[in-house]
Amino acid sequence: MKRVRKAIIPAAGLGTRMLPISAAVCKEMLPIVDLPAMYYLVKEAVDSGITDILIITGRGKGIMEDFFDHSPEYEAALAAKGKCEELKMLQEIANIANISFLRQRETKGLGHAVGRAKSFVGDEPFVVLYGDDIIFSKTPVCRQLIDAYEKYGKSVVGVKGVPIEWIRKYSSLKVDAIEGEDSLYTCTDMIEKPKPGEEFSNLSILGRVLLTPEIFDIIDSLEPGAGGEYQLTDAMKKVAREDGILALEFEGDRYDLGSKIGFLKANIVKGLEHPETKDELREYIKALAEEL
Ligand code: UTP
């Protein structure tokens, strides 16, 4: 079995739910306290053992390339002032992994975005981290997926039980229990954005999948699906129906950074952990809560 060492992060979407800011600043670079959302995705991949990352970008998203590059002016200024901690952080970001960037050119859906990565992936298994889903967990979620893959040798989708309103916007999976497993299922069918009555279960794919390269031939033959886009779920459905796919109910709290409320919640959670903000923020939230 080949080691999983490559990741794709599709981040070319228009981010219409985050307008008007997303018209000028890509949502993947909006800050969670003092680090952009994209940093958390790259860090999760690296902490899971991934060494090579391809970020799928679009027009107006060049700021991501700048962030993961060296910043000679800042590095020189920080060195001159003896600000070693800050300097170390910037250098760590610039050296975090082998990161490359590829433009999707047309935003035709997540399936289309992943399809652009065929030559980057070659003949290896790979993970996909959806560019606006941040997950805070004890064990990085990509690692949780890789562990399941290494045990059973099949593609894995990360899932959670979600409220019905979410299922209509995301996906719904048909699953069977696996003997001896608590949070791992065999998925035999799935549907993207089901209409009322079409749902299989309340399990939905949330932001992380591990796929084998066979998916690219399926993506190449996709027809537009829900919303007129080429849906990755439609490609994974074919694998699920023919071969079975694993569905892992992962451990971790997920925040949809493509939505205003998800963005605010993630900032509160990380603000309550950050040494520079945690005490004052806690007091502020307490005082505010009394007025609510
Ligand atoms: P979303 O559907 O959540 O992102 O796709 P979006 O299209 O930007 O969102 P809205 O609905 O307009 O607000 C999930 C991930 O897939 C990427 C997005 O950037 C996001 O990170 N994506 C989506 C692409 O890379 N290309 C696409 O054509 C569509």
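The numbers here are math on the coordinates, done by the rules we state, and not lab data. Remember, predicted model here, so these are calculated numbers, not experimental data. Note that each Cβ is placed from the backbone with ideal geometry, even for glycine, and that neighbours are counted across all protein chains shown.
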Within the range 40-56, does at least one residue satisfy the condition of being under 25 Å from Gly271 (Cα atoms), charged (D, E, K, R) and within 16 Å of the ligand (Cβ to nearest atom)? yes
Can you spot a residue in the range 15-34 that is in contact with a strand residue (DSSP E or B) (Cβ under 8 Å, 6 or more places away or on another chain), away from the ligand (no atom under 14 Å from the Cβ) and either within 24 Å of Gly109 (Cβ to Cβ) or among the charged types (D, E, K, R) (or both)? no
The one condition Tyr170 fails out of (1) among the hydroxyl-bearing types (Ser, Thr, Tyr); (2) surrounded by fewer than 17 Cβ atoms within 10 Å (Cβ to Cβ); (3) under 22 Å from the mean Cα position of the chain (by Cα) is (2)
Looking at (1) surrounded by fewer than 21 Cβ atoms within 10 Å (Cβ to Cβ); (2) more than 16 Å from the ligand (Cβ to nearest atom); (3) over 19 Å from Glu242 (Cα atoms); (4) of a type outside the set (Lys, Arg), find the lone condition where Ala226 falls short. (2)
Any chance Ile218 is closer than 30 Å to Gly122 by Cβ, more than 16 Å from the ligand (Cβ to nearest atom) and in contact with a helix residue (DSSP H, G or I) (Cβ under 9 Å, 6 or more places away or on another chain): yes
Selection from the range 209-253 of residues in a loop (DSSP other than H, G, I, E, B), within 18 Å of Ala12 (Cβ to Cβ) and not acidic (Asp, Glu) yields Leu222, Pro224, Gly225, Tyr230, Gln231
Among the residues of the range 173-203, which ones are within 19 Å of the chain's Cα centre (by Cα) and basic (Lys, Arg)? Lys193
Of all residues in the range 1-14, how many are more than 13 Å from the ligand (Cβ to nearest atom), buried (at least 17 other Cβ atoms within 10 Å of the Cβ) and either hydroxyl-bearing (Ser, Thr, Tyr) or in a loop (DSSP other than H, G, I, E, B) (or both)? 2
Enumeration of residues in the range 100-136 that are among the aromatic types (Phe, Trp, Tyr) and within 7 Å of the ligand (Cβ to nearest atom): Tyr130
